[in-house]
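The structure appears right after this line, and notes come after that.
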Amino acid sequence: MEWKDGRLQLPNVTLMAMTSVNVRQTIKAMQYSMRQIDFGDCVLITHRKPFFLPKGIRYAHTSKLTNIDCFNYKMLYELGDYIHTDFVMVVHAMSSWIMIISVLRGRFRRMISHTGTSTGICVGSATAWESAAGGL
């Protein structure tokens, strides 16, 4: 892992969130996750560009997410359209954000996020998303 000025450098990882509700809280989760990490890209995917979008978070448009099925479909079939790095870390509102990062094997990063009452491991690749969507 490379550190610069006390910040972890993850140039091949995109921090992303997709939502149509709780946009302000989702942006806060992204900002919290960016406190000590420099990601290759940070993208908020939503149906309307927030006027309060901070510098460093890119806006990407999608149609309004009307229910969980719509969200799931877009996460599986369309996520690859928005990700321009090898890996992606997904956060949600203030129920999921990056707290600890450590090395897994080789070039993969293990990202542990707080998810309410449990801890989950989130590792992903834009290619994996595209492969999974094409393989169904």
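Laboratory data are not the source of any read-out in this text; all were calculated from the coordinates shown. Just so you know, these numbers come straight off a predicted model, no measurement behind them. Glycine also receives a Cβ, built like all others from the backbone with ideal geometry; neighbour counts cover every protein chain displayed.
Looking at the range 1-69, what strands (runs of 3 or more DSSP E) fall wholly within it and have at least 1 residues that are in contact (Cβ under 8 Å) with a residue 24 or more places away in the chain?
Values: elements: 2-4, 7-18, 37-46, 58-61.
Filter on the range 1-69 gives 2-4, 7-18, 37-46.
Working carefully through the options Thr66, Thr19, Thr26, Thr14, find the one that is of a type in the set (Val, Ile, Thr), surrounded by 15 or more Cβ atoms within 10 Å (Cβ to Cβ) and over 12 Å from His92 (Cβ atoms). Talk me through it step by step, then tell me what you get.
Working: Thr66 fails: surrounded by 15 or more Cβ atoms within 10 Å (Cβ to Cβ); Thr19 fails: over 12 Å from His92 (Cβ atoms); Thr26 fails: over 12 Å from His92 (Cβ atoms).
Being of a type in the set (Val, Ile, Thr), surrounded by 15 or more Cβ atoms within 10 Å (Cβ to Cβ) and over 12 Å from His92 (Cβ atoms) holds for just one of Thr66, Thr19, Thr26, Thr14, which is Thr14.
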